[in-house]
Amino acid sequence: PGHADSLCLYGGVLMDDARKEYEQAEAYFKAALRSDPQHVSALSLYGLLVQEVHRDYPRARALYDVAYFLNPQHTDTLSHYGTYLGRVEMDFAGATALYDRVLALDPHHANTMCNYGLVLQAEGKEIDRA
């Protein structure tokens, strides 16, 4: 109890598409951030939950901004932020720039490759690029 990494990981499990226990996941992310307000993974995952579940886009962006400021090389933050830019702001250039950064750091980041393909498809570009 009170360990930010464990709280964040469990929140991620609860948020998983199969479980969809969003209220509990949110409670764990908040607990992780009370334990460590600069926990980048908790900020990023909480941002994703706020974006996808609550549709509170300004709050999601604020969480991504803090996570990015704390660690601009954190691949999950970059990927989630890219998804936000592509889906919410329709900023495909910004999204692909972030996805390129993720794939430069981790060429096998599966979620990024999938979301990159969706952005390219939305732009009417060849999906082979992803």
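Observations
- Ranked packing of 14-22, 97-105, most packed first, by mean Cβ within 10 Å: 97-105, 14-22
- Placing one equal scatterer on every Cα of the chain and applying the Debye formula, the log10 ratio I(q)/I(0) at q = 0.09, 0.14, 0.19 Å⁻¹ is -0.25, -0.59, -1.04.
- For the chain, size of Cβ-based charge dipole, Lys and Arg +1, Asp and Glu -1, in debye: 200 debye
- Applying 1/(1 + (r/R0)^6) with r as the Cβ-Cβ distance of Arg59 and Ala110 and R0 = 25 angstrom yields a FRET efficiency of 0.40.
- Based on protein heavy atoms only, segment 76-130 ends up with 52 Å² per residue of surface accessible to a 1.4 Å probe.
- FRET efficiency, 1/(1 + (r/R0)^6) with R0 30 Å, evaluated for Gln121 and Arg19 via beta carbons: 0.60
- Cα pair count fraction exceeding 17 Å, expressed as % - segment 6-65: 28 percent
- Apportionment of accessible area to carbon and sulfur, the chain, percent (1.4 Å): 54 percent
- Taking Gln51, Gln38, Gln24 as the candidate residues, the one with maximal mean-square fluctuation in a Gaussian network model of the chain, Cα springs under 10 Å, is Gln24.
- Label-to-label distance, nm, for residues given as Phe92 and Glu52 (7 Å Cα→Cβ offset): 2.3 nm
- Within the chain, helix-based [θ] at 222 nm, where runs of 4 or more DSSP H residues each add -39,500 (n - 2.57), nearest 500: -22000 deg cm²/dmol
The values are calculated or read from the model by the stated rules, or taken from the named source; none is laboratory data. Remember, it's a predicted structure, so these values are computed and weren't measured experimentally. Note: ideal-geometry Cβ built from the backbone for every residue, glycine included; neighbour counts use all protein chains shown. With ligands, DNA and RNA removed, areas are computed over all heavy atoms of the protein, side chains included. Shrake-Rupley method; radii C 1.70, N 1.55, O 1.52, S 1.80 Å.
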